Every structure is written in C-alpha cells, then in structure tokens.
1. So for segment 307-417, averaging the separation of alpha carbon pairs under 8 Å that are six or more residues apart and normalising by length, what relative contact order in percent results?
2. Rank by packing, highest mean first: peptides 36-45, 172-181, with packing defined as the count of other Cβ atoms within 10 Å averaged across residues.
3. Hey, for a label at residue 362 modelled as a point 7 Å past Cα toward Cβ, could you say which residues of segment 325-351 have their backbone N under 20 Å away?
4. Give me 216, 227 ranked fewest to most by other Cβ atoms within 10 Å of their Cβ, as a rough exposure proxy.
5. So what's the Cα pair-distance distribution over segment 307-417, bin width 5 Å, in %?
6. Within segment 280-344, report the chymotrypsin sites (Phe, Trp or Tyr not before Pro) that DSSP leaves as loop and that have at most 13 other Cβ atoms within 10 Å.
7. With 10 angstrom as the radius, rank 400, 201 by how many other C-beta atoms surround their C-beta, starting from the fewest.
Amino acid sequence: MAITGWVGDRPGFKYDLCLHGAEMLARRLEASDLNEAEFCARLSSFVGQAISSDRLNRWLRGYDLPDTEIFIAADTLAGPGFDMKPTRRDVLRGLIGVGALVVGDGFLDGLSVTGSGGGDGPTVDDLEARTRDLVLRWPTVNPREHMLVVGNHQELLVGSLTRPQTAAVERRLHSLAGETALLAGMLNFRSGQLSHAEADWAEASFHAHEAADDDLRAYVLVARSQLFSAIPIDSEVRGDRALQLLDQAHSMTGSNSSPRVRSCLLARKAEEVALLGEPAQADADLDCAATEMARLPAAGDRFGHWGTIDLDGYRGSRDVLLGRCHEAVDLLESALVRAGSQPGRAILLADTGAALAHPEGDVAGACDKLGESFELGVKVGAGEFVRRVLRIRRQHLSNWRKEPAVRRLDERLMAALA
C-alpha cells in the first residue's frame, strides 16, 4: 500500500492515506453487513455512477482515494450506529510511521513535553496557548494558508504523544490535538476539501475519546453534521443523518458544557429542522442558542468566538429555509453592516442573495449579492461559499435564467473561476 504524509496539497504528516481512505472504507463495508457486490450496487445507486468491484478494491487496497460522496454513501450504508473512530493502536501506528517517512529518523527527537515548566521542550501550557491563538484567528483567514500553520502545530502535538508523558499531560495533549484536528477539518471543509475534512474529524474524534472530552466529542459531531446536510453540501445522499449526529451531540452536553458548543449545536439544529419545515422547533432552538451565547465570555472560550452576528446569520438562514424572505433580508443586511471579515461577508452575502431571489423580491439585487459572495469565496480560497452560491443560483434563480441580471451573474461566476 502506498503511504504518504501529504494529503492533497496540504503539507505536514497526518494520517496516511491508507488509514483515511482504505481503512475507513473497509470499516464501513464491514459494518454494512453487505458483500462486496451488494455494497458496490448500493453505492452506485446512491452516487448515480457505476462502482465496480475492481474500483472498490483499488480503494480498499489504498491505490486511490474515494471522493467525499463515496464516504458519505458508505457511511449511510453502515447504519446510524456506526462508530467511525479508529483504534488507538492504529492511529498512533499510522502517525508514527508517517512522521518517520516525512521528516526522517530524527522526528521524535526533542518532542518531550513538560507540564508547566522545566525541561527543554515546550510546556503543555505553551501548546495550549498556541492552539487557542490558531482557533481564534481561523474565521478571518485564508483556509489554505492557515492550514500550513495548523498542520505544523498538529505535528508537534501528535509527536509529543508518542513520547512518555504523565497521565494528566497526556490527557491535555489529546484534547489539544483533538481541537487542532477539529480546526483542520473546518479549514478543509471551508476550502472545499471534504474528504480531508472527514479524515481530520475522525482524528479529532479519536483524540476526544482518549481525553474523555465530551465538549470536544460533541463539537466534532456538530462539525461532521455539515457533511450530511443539504444546506452547505446540497446532495441527496443524506436523509436525516445530520439530525442524528446533532441529537447525539446534544446528548453529550449539559449545563456545565461549553456555551460555544451548545449555542452552535442549537443553531445548526435550527437550520436542519427549518429545512424540514418545522418553524416552531427552529425558532425554539435559536432562542435557546441565544441563551447559551449569553453565557459565553466576551473573549470566547477554547472553541473560539461566537457572537450576535454569528447567530443572526443562522437566523437569516432559518428564515430563508422557511420562506420568510423579507425577515431574512432585514436580518442578513443588518449583519452585513457589522461583518468584519471577508469570509464572514461571503456567507452573509450568499444567504442575502437567496432571500432576495423570490417572486416578490429583487432578482437583480440577488444576483449582485451572489456575485460578490462568489468572488470573495474564490479570493479567500473558500470552496464552501462557492458551492453555496452555485446551489442558490440553481435552486432560486432557475426560473429567471433568461433575465439579463441572471445572465450577467453567470458570466461573473465564470470570470471569477477563470
């Protein structure tokens, strides 16, 4: 099997592709209780293309990496009870092997971490401070550029876990490695690298389990729910899987949980139930999210900032999904005035465009907002926003495709990609 420490164009060792591709797919095949022929047939029906046994075996042997749609379909076939986390032995075996391949036999030298002082290596407090800084900065940066720094930090954290540590330090290191892997997944999701995001969140789940860190485990499930949602991804291979993950995350939280995690969890759940046409539940979830947000310190917590502008974005998304377009426009345009980052503006512009694209709305205004969002998404390397705009264009503006404003939008989208 081919083993590499490079995943796509992202530097730094992570898992090897065998762990993230072949092993993850093999575990889903086993959990599905189907033979290979049946598994291929079901995959083919889910993704709308023929998947042969030869092609499946190339994936299982690590020669090729399936795209995200294959993983998502396989996850569905594995059933709601499927546990995606790899074993500790396999994770550390893969990480140590890849680290040695990428940076040589001296990889483990100098990676001992001390608790709070003494010794030559960084303290766990140093690593925690660095992790917090990376988490706080990620919403405003280019995801591909930030990944360079995040990848290097994760190398140090995982390398530290291969050395003897006290139980307390090891647990903290697992939490920090999990938070960093969670962040890496968010960056990859934003840049459009969905299979890499899936792999990062598998790693984050492993570290959260080792640290017995329920807040982190819950937040990883919230992040993973995006892979199964028609809102950012727009695919038929999802059903209610996103809500299942969110409900599972909710069961792990309580009154002492991170308000950042609970608020984000409830806001994500509100989107999903709005998509199902349940306004009362969506409104209630967002009211609870606001209550949780009020508990969050002004500086955020270990999972980052979360403020009124973030919640208003979810409120606007809920209103768009429920057909409350006038209310959505008011909320989103108010949030746009306060948006302080290009990524933040991009997603708000896209949803404002969706809110304006209705029979009593402003088609030309919708096209202007979508075009600006798309250009910002391309500029900051955010494939997440690019996909969102394309989905909105297809779902909301198809009836006006011959209108001059829509034609100009299509030309603008093509020019941005040129």
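1. Working: 135 pairs, mean separation 23.8, N = 111.
Answer for segment 307-417 is 21 percent.
2. Packing order, densest peptide first, comes out as 172-181, 36-45.
3. Counting backbone N atoms under 20 Å from the label point, the list is 325-339, 345-351.
4. Numbers: 216 27, 227 24.
By the 10 Å Cβ count, ascending: 227, 216.
5. Histogramming segment 307-417 at 5 Å steps yields 2, 15, 26, 25, 19, 10, 3, 0 percent.
6. Values: sites: 303, 306, 314; in loops: 303, 306.
For chymotrypsin sites (Phe, Trp or Tyr not before Pro) across segment 280-344 that sit outside H, G, I, E and B with at most 13 neighbouring Cβ atoms in 10 Å, the list is empty.
7. Ranked by crowding around the Cβ, least crowded first: 400, 201.
No value in this document is a laboratory result; all are computed from the given coordinates. All values reported here derive from a predicted model rather than from experimental measurement. All Cβ positions, glycine included, derive from the backbone under ideal geometry; neighbour counts span all protein chains shown.
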